[in-house]
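Notes follow once the structure below has been shown.
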Amino acid sequence: GVGANTGTNRDTIRLTGGFKLDALQLGLLLQDSELSDGPVDQKEMSILASAAFTAGKNVFKGEIISSEEEFVADDEKTLLIALGMDHNLTQMTKVYGQVGLGSVDSFGGTVGDDRDLTVLTVGMQTKF
């Protein structure tokens, strides 16, 4: 989300887990975070679930992210769904692509209007 962060320190608790069965990998992240300094109260709760399936040199991926942020006068709820694929050219190099669709719902009116998100990512990664 967007908003003025007048503090610099956050207290964050994360719980992560993963499960792998042959070519299928599942992951989950839960996060609870709040501003620990500054004059305003700001909290965030996020959930991320992911899945990946490996087929030969290809890895098909999916993610869903849900986040709720509470500000002094506003709240925001964000939902993002992303699908993508990695293709391994070598053990050290891969190309990837991902598309994400999402929405941000704002409550209170001072942070911003509701908006839709579209994210396209393409690239190449080489490990040295």
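The values are calculated or read from the model by the stated rules, or taken from the named source; none is laboratory data. From a predicted model like this one, the values you see are computed outputs, not experimental measurements. What goes into the accessible areas is simple: the full protein's heavy atoms, side chains included, and nothing from ligands, DNA or RNA. Shrake-Rupley method; radii C 1.70, N 1.55, O 1.52, S 1.80 Å.
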Can you list residues whose amide H is under 5 Å from residue 42's amide H, if they're 5+ apart or on another chain and H is modeled 1.01 Å from N? 35
Accessible area (Å², 1.4 Å probe, nearest 10) - residue 66: 50
Return the lysines within reach of residue 77: Cα separation strictly under 18 angstrom, same-chain partners fewer than 8 residues apart disregarded; answer none if there are no such residues. 43
Rounded to the nearest 10 Å², what accessible area does residue 122 show when all protein chains are kept and the probe is 1.4 Å? 110
Solvent-accessible area per residue, Å², over the chain with all protein chains present [probe radius 1.4 Å]: 68
If you average 1/r over every pair of different alpha-carbon atoms in the chain and take one over that average, what Kirkwood value in Å do you get? 16.8
Quantify, in whole percent, the carbon and sulfur part of the accessible surface of the chain (1.4 Å probe; protein heavy atoms only). 58
How high is the relative contact order of segment 11-128? Use alpha-carbon pairs under 8 Å, at least six apart in sequence, and give a whole percent. 16
Quick one: how many Å² of residue 83 are accessible to a 1.4 Å probe, rounded to 10? 110
